Amino acid sequence: MNYKTLCINLVRAESEDTVIKLLDNAGLWNSNENWGYFGDNENNFATIGNQQSKPEAAIVEKIINSVDAVLMGECLSRGIDPSSDKAPKEIKEALESFYGIYNGKLSNLSLGERKKLAQKISFIASGSKTAPCYTLIDQGEGQCPSNFKNTFMSIGKSNKLRIPFVQGKFNMGGTGVFQFCGRKNIQLVVSKRNPNIDCNGSDDISSWGFTIVRREDPAEGVKSSSYKYLAPGGNIPSFLAESLPFNPGSYPNAYENAMTYGTLIKLYEYQMTGYKTNILFDLYNRLSLLMPSIALPVRFYERRPGYSGHSFETNLSGLSVRLDEDRSDNLENGFPSSCEVKVMGQSMRVSIFAFKRDSSEKYIKNEGVVFTINGQTHGYLQKSFFSRHAVRMSYLANSLLVLVDCSNFDGRSREDLFMNSRDRLRSGELRVKIERDLEELLRNHDGLKALREERRREDIKDKLGDSKPLADVIESIIKKSPTLSKLFIKGVRLPNPLSTKTVTPKEEYKGNKFPSFFKLIKSYKKGNPKECAINRKFRVQYSTDAHNDYLDRDHDPGVFTISCNDIEISDYTIKFWNGTATLTVKIPDNHEIGDVLQVTTTLNDISRVEPFKEEYWIKICKEDLNRGKKPGNRKKPSTNEDGKGADGLGGLDLPEVLEIRRDEWPRYKFNENSALKVQDSGEEGYDFFINIDNIHLLSELKSNNGVDEKILEARYKYGMVLMGISILNAYNSNKNEASDDDTSVFDQIENFSKLISPILLPMIAGLGSIEVDEVSVSEGVDEL
């Protein structure tokens with residue numbers, strides 16, 4: 001059998017049917033003796049079927065494996081044992097040592113340098129638009145045919161467990177992609193060892209090897225599917241060749257130029273739902289987010305016929321590089337803002353990106369807070385996180401992205417926070433504490449608060465005058481109904497919007513790359529210490545002239561340290577914003593009321609001979625009994641009588657209800673079916689936006705059956721507002737913001753209002769016209 005010809009034809013095949021036909025003609029497809037169990041485990045589906053839940057996340061694992069292979073190849077070709085003391089201790093060190101990448105960040109390379117480096121890893125889209133094939137080619141270490149079984153076809157082995165500068169640790173082999181490949185889950189693997197690297201004395205070091213992975217349905221008496229790989233007689237098919245025509249040529253030639261060594265993996269008819277466009281667009285954007293600080297760039301090639309455009313290939317260098325290059329066009333002034341958060345002794349670098357209005361769509365979808373390790377996303381919290389009551393940034397929910405770098409976590413903490421599939425977070429104490437610190441960080445961020453108010457003013461400034469009559473009518477409705485009065489006396493507070501007076505814009509903050517000062521705004525001497533309750537956090541501020549991204553930029557970041565009585569503090573947050581650094585610290589647990597603690601902080605970078613150093617004292621006071629009350633909890637009314645109290649009607653300030661017309665839809669993300677949108681004002685209040693050109697309302701107005709149009713419109717508006725207030729009331733009475741909730745209360749209101757808008761007016765009209773005799777007839781039927 002001519003394995004070389006078969007291998008070339010398999011690479012060029014663009015459908016599962018073609019692959020099956022090629023193998024069937026070669027007498028390999030239907031012969032069970034030609035196939036071995038993946039991982040030598042008949043029950044391998046138990047592991048393989050429990051990988052990534054989304055096709056793009058599974059693709060990321062393949063790309064990261066290619067990055068690992070290139071780094072491993074570079075290390076081995078230099079004669080260094082990857083697990084020895086001579087090998088790099090982390091990815092950053094490997095990138096600096098092997099490729100001269102300063103600080104291990106791709107943003108420190110020029111565009112030309114990144115393009116040259118990207119030639120080492122290729123990602124190719126071929127086949128059809130509806131059933132694409134994706135191929136990954138890397139110029140990495142490659143494998144000898146005799147070693148396929150212990151590498152590509154293995155599960156759970158410790159191949160890279162003790163190699164610190166690679167991502168792969170769990171030896172899943174990138175198996176998450178299998179279930180997204182066509183009907184038979186077919187994957188092709190082709191590899192040849194780098195000629196500069198030994199292959200454990202194997203005599204097939206010059207041979208190419210290839211195999212096919214496929215899924216077999218459960219046989220009779222077997223509960224689950226299994227995965228097998230092609231190995232006639234127990235051996236990987238192999239052949240000799242100097243090179244093979246597998247590297248991409250010019251568009252639309254997917255496989256044309258010579259490949260001399262390395263690994264090719266092809267995924268047939270991959271089910272990349274929602275990403276059918278040119279891969280340089282939607283899929284490129286998505287993978288950039290999932291690998292925000294990828295270690296090595298990847299060259300993307302669109303080679304499917306039928307696409308138009310001026311370019312069919314580009315470099316993927318991660319979201320961080322894109323944001324750095326695009327910041328002036330797409331980010332708000334002063335952002336990104338960098339922070340350092342330490343929770344349970346685990347240090348995280350946090351970057352807060354605030355996009356200009358409508359500028360975030362090409363970077364993010366529904367991700368809000370993205371957790372990364374060594375540049376790869378390991379889990380995220382959705383945008384609804386920003387709308388939580390403890391964050392109050394719903395006006396910015398579609399414009400924020402928070403990157404949390406967890407690369408410095410110890411091994412156990414990584415396991416406690418992230419699943420092995422690296423696409424979701426694990427519930428537990430560490431996650432809860434991280435989320436609480438992030439909530440506090442965002443809620444109290446001066447830059448975000450100012451931006452939130454600016455956006456809010458833009459949305460409501462011209463509409464306040466029109467909202468008063470609506471509020472007056474709603475108040476009248478509530479007063480006339482004992483039920484509503486009783487309901488809303490226990491409900492949420494809805495204070496009037498804050499003043500929308502014109503605010504004089506502040507001069508744009510510039511800052512210095514390296515600060516010339518870092519000094520406490522208020523000092524606390526030993527004889528006059530700052531007081532802090534034993535169960536609370538204390539906060540101090542420093543004045544500085546550092547850039548806002550000083551702690552988390554790619555090039556020459558600053559380093560902050562803090563200790564208490566010469567012992568490192570394990571829980572704190574520090575953020576830089578426009579000349580002020582705000583430090584929030586949890587009192588260490590091993591202290592008592594009355595203790596006076598000496599706190600020492602330092603700030604250092606490569607420009608300094610000596611770090612900035614500050615010392616101050618904290619006195620621990622008795623427990624704060626108000627601890628645990630959520631921010632903004634409203635005061636109890638001064639009387640128990642229904643409808644009375646210091647705040648007027650049941651302690652309830654009525655909402656400002658703002659009418660939105662068709663020409664304003666884009667600003668509010670409305671369409672013809674949108675009905676009601678509620679936003680958290682950020683100051684214990686809510687704003688209501690009614691789509692007055694809702695298609696169902698307009699339809700009722702056209703066929704009003706003699707009812708005044710103003711009456712119909714009023715019923716619609718007041719009904720929607722009362723529905724929204726009722727949902728908010730239920731939400732605030734039964735707050736249960738589980739960390740993995742996908743929708744916020746504001747999403748629920750928006751979705752529910754869309755559903756009820758077609759029936760709201762007919763329901764009001766129909767119920768209002770029911771007569772007594774109709775009720776009597778109905779009751780009589782029930783009795784029968």
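Starting from 0.36 nm per residue, how many nanometres of slack lie between Glu113 and Ala765 once their C-alpha separation is accounted for?
Separation in residues times 0.36 nm, less the Cα-Cα distance, equals 227.8 nm.
Going Cα to Cα from Lys619, which aspartates and glutamates come in below 13 Å? Please leave out same-chain ones fewer than 8 positions away.
Candidates past the 8-residue exclusion: Glu531, Glu592, Asp595.
Would you kindly calculate the mean projected area, averaged across all directions, of the convex hull enclosing the Cα atoms of the stretch 258-416, in square nanometres?
Over all viewing directions, the stretch 258-416 projects a mean Cα-hull area of 12.7 nm².
Quick one: accessible area per residue over the chain, 1.4 Å probe, rounded to a whole number of Å²?
With the other protein chains kept in place, the chain gives 45 Å² per residue.
Describe numerically, in nm with one decimal, the distance between label points set 7 Å from Cα along Cα→Cβ at Ser250 and at Lys669.
4.4
With axes computed from alpha carbons, what is the tilt in degrees of helix 16-25 against the longest principal axis of the chain, rounded to the nearest 10 within 0 to 90?
Relative to the chain, helix 16-25 is tipped by roughly 20 degrees.
To the nearest 20 debye, what charge dipole does the chain have about its Cα centre, counting +1 at the Cβ of each Lys and Arg and -1 at the Cβ of each Asp and Glu?
Using only the charged Cβ atoms, the result is roughly 1340 debye.
Have a look at Ile534, Thr377, Asn604 and report the one farthest towards the positive end of the charge dipole of the chain, computed about the Cα centre with Cβ charges (Lys/Arg +1, Asp/Glu -1).
Positive-most Cα among the choices belongs to Asn604.
Using only Cα atoms, find the angle between the long axis of helix 709-733 and the longest principal axis of the chain, and express it within 0 to 90 degrees, rounded to the nearest 10.
The answer is roughly 70 degrees.
Under 14 Å from a point placed 7 Å out from the Cα of Asn512 along the Cα-to-Cβ direction: which residues of the stretch 538-555 have their backbone N that close?
543-548
Please give the solvent-accessible surface of Trp35 in Å², to the nearest 10, using a probe radius of 1.4 Å with every protein chain present.
The accessible area of Trp35 comes to roughly 20 Å².
What residues of the stretch 176-220 lie in the reach of a label at Ala46, counting those whose backbone N is under 19 Å from a point 7 Å from the Cα along Cα→Cβ?
176, 216-220
Using 18 Å as the Cα-Cα cut-off, could you pick out the over-long pairs in Lys433/Lys537; Lys525/Lys622; Lys677/Lys754?
From Lys433/Lys537; Lys525/Lys622; Lys677/Lys754, over 18 Å: Lys525/Lys622.
For Rg and Dmax of the Cα atoms in Å, which listed value, [x] 31.3, 105; [y] 31.0, 97; [z] 26.3, 87, comes from the coordinates shown?
Working out Rg and Dmax of the Cα atoms in Å from the coordinates points to [y].
Based on the Cβ-Cβ distance from Val222 to Ser31, what FRET efficiency comes out when R0 is 22 Å, to the nearest 0.05?
Using R0 = 22 Å, I get an efficiency of 0.70.
Once ligands and nucleic acids are excluded and a 1.4 Å probe is used, how much of Phe560 is accessible, expressed in Å² to the nearest 10?
10
If you take the square roots of the eigenvalues of the alpha-carbon gyration tensor of the stretch 191-322 and sort them as a ≥ b ≥ c, do you get rounded (a/c under 1.5), prolate (a/b over b/c) or oblate?
oblate
How far apart, in nanometres, would the label points at Ser726 and Ser607 be if each is projected 7 angstrom from Cα along the Cα-to-Cβ direction?
So the two model labels end up 6.0 nm from each other.
Quick check on the chain: helices-only [θ] at 222 nm, where DSSP H runs of length 4 and up contribute -39,500 (n - 2.57) each and the sum goes over total residues. Nearest 500, please.
-9000 deg cm²/dmol
What is the calculated FRET efficiency for Lys86 to Lys356, with r their C-beta to C-beta distance and R₀ = 51 Å, to the nearest 0.05?
The formula returns an efficiency of 0.60 here.
Given the options Ala26, Ser320, Gly221, identify the residue whose Cα lies farthest towards the positive end of the charge dipole of the chain (+1 on Cβ of Lys, Arg; -1 on Cβ of Asp, Glu).
After comparing all options, I get Ser320.
As I understand it, the dipole of the chain uses +1 on the Cβ of Lys and Arg and -1 on the Cβ of Asp and Glu, about the Cα centre. Which of Ser191, Gln679, Phe409 lies farthest toward its positive end?
The listed residue farthest towards the positive side: Phe409.
How much length, in nm to one decimal, is gained on full extension between Ser476 and Lys461, taken as 0.36 nm per residue of separation minus their Cα-Cα distance?
Full extension from Ser476 to Lys461 adds 2.9 nm.
If the limit is 20 Å between Cα atoms, which of Lys92/Lys575; Lys54/Lys149; Lys530/Lys586; Lys449/Lys575; Lys115/Lys510; Lys105/Lys266 go over it?
Lys92/Lys575; Lys54/Lys149; Lys115/Lys510; Lys105/Lys266
Got the relative contact order for the chain handy, in percent, Cα pairs under 8 Å and 6 or more residues apart?
10
Report the Cα centroid-to-centroid distance between the stretch 221-264 and the stretch 540-574 in angstrom, as an integer.
After rounding, the separation between the Cα centres reads 49 Å.
At a probe size of 1.4 Å, how large is the accessible area of His378, to the nearest 10 Å²?
10
If you place +1 on the Cβ of every Lys and Arg and -1 on the Cβ of every Asp and Glu, how big does the dipole about the Cα centre of the stretch 26-178 come out, in debye to the nearest 20?
It comes to approximately 420 debye.
Hey, what's the per residue convex hull volume over the C-alpha atoms of the stretch 370-463, in cubic angstrom?
Considering the Cα atoms of the stretch 370-463, their hull volume per residue is 102 Å³.
What is the helix-to-structure angle for 464-480, meaning the angle in degrees between its Cα long axis and the longest Cα principal axis of the chain, kept from 0 to 90 and rounded to the nearest 10?
Helix 464-480 and the main axis of the chain meet at about 70 degrees.
Could you give the length gained by full extension between Gln541 and Ser570, i.e. 0.36 nm per residue of separation minus their alpha carbon distance, to one decimal place?
Extra length from Gln541 to Ser570 when fully extended: 8.6 nm.
The values are calculated or read from the model by the stated rules, or taken from the named source; none is laboratory data. Note that this is a predicted model, so its numbers are computed, not measured. As a convention, Cβ positions derive from the backbone with ideal geometry for all residues, glycine included, and neighbour counts pool all protein chains shown. The accessibility values were calculated without ligands, DNA or RNA, using every heavy atom of the protein model including side chains. Shrake-Rupley method; radii C 1.70, N 1.55, O 1.52, S 1.80 Å.
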